[in-house]
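> Handing you a structure now.
All of the numbers you see were taken from the coordinates with simple rules; none came from a lab. All values reported here derive from a predicted model rather than from experimental measurement. Note that each Cβ is placed from the backbone with ideal geometry, even for glycine, and that neighbours are counted across all protein chains shown.
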């Protein structure tokens with residue numbers, strides 16, 4: 001097959017998925033422009049640590065020619081996983097082997113910057129918040145931005161996350177609240193200022209639950225730890241409690257009351273944080289989420305399949321980017337490329353999304369005999385098996 005003829009390709013969203021797609025396209029000599037709503041690359045914190053898996057995230061970086069640079073930043077020791085009970089007793093301490101490189105950790109911001117720096121200058125246009133996608137389904141499409149500018153393009157790739165502005169061009173699906181909220185707390189300079197928390201968490205991640213609420217702690221690079229306070233709660237719980245997002249003391253008191261039966265050593269992961277809390281209600285898309293093929297628009301990552309935060313989201317977005325970019329570099333027309341990509345991606349994401357219905361709930365379930373083979377790991381095995389089936393001779 002021959003590469004697609006020159007087309008105007010626009011990616012909306014400069015997260016790891018969108019940037020990976022742009023990088024692989026450029027490696028194959030295909031021009032692309034990325035539009036992002038942030039005013040610049042450093043406008044906001046990119047989030048915590050993530051584990052990049054050999055079968056998807058690392059696969060995409062290898063195709064992008066960035067795997068060696070990745071290993072200079074990756075933290076294999078971050079694969080350590082602990083489970084506590086609510087008294088702070090360690091139920092499981094899973095320490096990776098020295099040669100285990102299956103899913104090393106990297107800060108999300110480091111990963112984003114790694115890919116961003118590999119792109120041709122001017123690839124990303126910052127401060128371009130998309131309002132809507134217009135134009136006929138057969139193209140050309142019109143990108144209308146909130147600053148009043150418009151861009152004509154032949155292909156729109158929505159990599160703009162849960163509340164995608166591209167998605168309405170091909171799907172009526174909208175995210176809905178799952179009933180579970182993640183409230184984020186940050187700890188800085190942990191070795192000196194938060195030594196007890198540092199010792200509890202270890203080199204990687206650690207979690208505890210009582211069946212209704214949970215703590216998930218995650219070591220980041222540079223002496224930082226993030227703790228996610230996970231609860232089943234109304235989406236407007238802060239306002240319902242008579243609080244505001246800026247009322248750190250009030251939110252702290254409210255959370256400590258909810259975790260009142262937990263041991264003091266565990267409650268310090270709620271009470272001793274540096275700075276404000278950030279509430280992150282967990283939204284999901286209906287499963288399965290599919291759409292009728294349109295030859296000028298497609299989606300990847302959370303815009304296509306909004307997964308619970310259990311280690312599959314960024315990896316799946318980068319795998320989508322890998323598959324889409326290679327299809328565009330291989331098939332003779334954009335339409336054929338999108339059909340091939342969507343056939344693979346929708347089957348894969350449907351299988352995982354259906355398996356993950358209520359997926360955040362397992363973070364709240366009490367495992368009486370933890371063995372490390374948790375649901376997130378099982379889902380990764382499922383994804384690997386799906387990819388192996390894709391590669392079987394037809």
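> So if I take the centroid of the Cα atoms in the range 110-153 and the same for the range 202-265, what is the distance between those two points in Å?
What the calculation gives is 36 Å, centre to centre.
> List the extent of the Cα atoms of the range 90-163 along each of their three principal axes, largest first, rounded to whole Å.
The Cα atoms of the range 90-163 stretch 56, 31, 24 Å along their principal axes.
> Quickly rank 151-164, 205-218 as a protection proxy: mean count of other C-beta atoms within 10 Å, highest first. Spell out each step's value before the answer.
Working: 151-164: 22.4, 205-218: 20.6.
Put in order of decreasing packing, that is 151-164, 205-218.
> Mind computing the radius of gyration and Dmax over the alpha-carbon atoms of the range 13-67? Å is fine for both.
12.5, 33
> Next up: Hey, could you grab the Kirkwood Rh for the range 141-200? Inverse mean 1/r over distinct alpha carbon pairs, Å, one decimal.
Details: mean 1/r = 0.0620 Å⁻¹.
One decimal place: 16.1 Å for the Kirkwood radius.
> Could you pull the Cα extents of the chain along its three principal axes, largest to smallest, in whole Å?
63, 48, 37
> So for each of 59-67, 248-256 I average, over its residues, the number of other beta carbons within 10 Å; can you give me the resulting order with the highest mean first? Can you show the working numbers first?
On the way: 59-67: 20.2, 248-256: 15.7.
Taking the mean over residues of other Cβ atoms within 10 Å, the ranking is 59-67, 248-256.
> Sticking with this structure for a sec: Taking Cα atoms of the range 248-353, Rg/Rh with Kirkwood Rh, to two decimals?
On the way: Rg = 20.7 Å, Rh = 16.8 Å.
Checking Rg against Rh, the ratio lands at 1.23.
> What do the square roots of 5 times the Cα gyration tensor eigenvalues come to for the range 112-258, in whole Å, largest first, as semi-axes of the equivalent ellipsoid? If you can, show how the numbers build up before the last one.
Values: eigenvalues 306, 103, 42 Å².
Taking √(5λ) for each Cα gyration eigenvalue gives 39, 23, 14 Å.
> Helix-only mean residue ellipticity at 222 nm, the chain, DSSP H runs n ≥ 4 weighted -39,500 (n - 2.57), per residue, nearest 500. What is it?
Values: 12 runs with 126 residues, N = 394.
Helix contribution divided over all residues of the chain: -9500 deg cm²/dmol.
> Among rounded, prolate and oblate, which fits the range 177-283 when a ≥ b ≥ c are the square roots of the eigenvalues of its C-alpha gyration tensor, a/c under 1.5 means rounded, and a/b larger than b/c means prolate? Please list the in-between numbers first.
Working: a/c = 1.69, a/b = 1.54, b/c = 1.10.
Cα axes put the range 177-283 in the prolate bin.
> Rg(Cα) of the range 1-157 divided by 2.2 N^0.38 Å?
Working: Rg = 19.4 Å, N = 157, 2.2 N^0.38 = 15.0 Å.
This ratio for the range 1-157 stands at 1.29.
> Which log10 I(q)/I(0) values does the range 39-112 give at q = 0.14 Å⁻¹ under the Debye formula, counting every alpha carbon as one identical point scatterer?
With one equal scatterer per Cα and no solvent, log10 I(q)/I(0) is -0.55.
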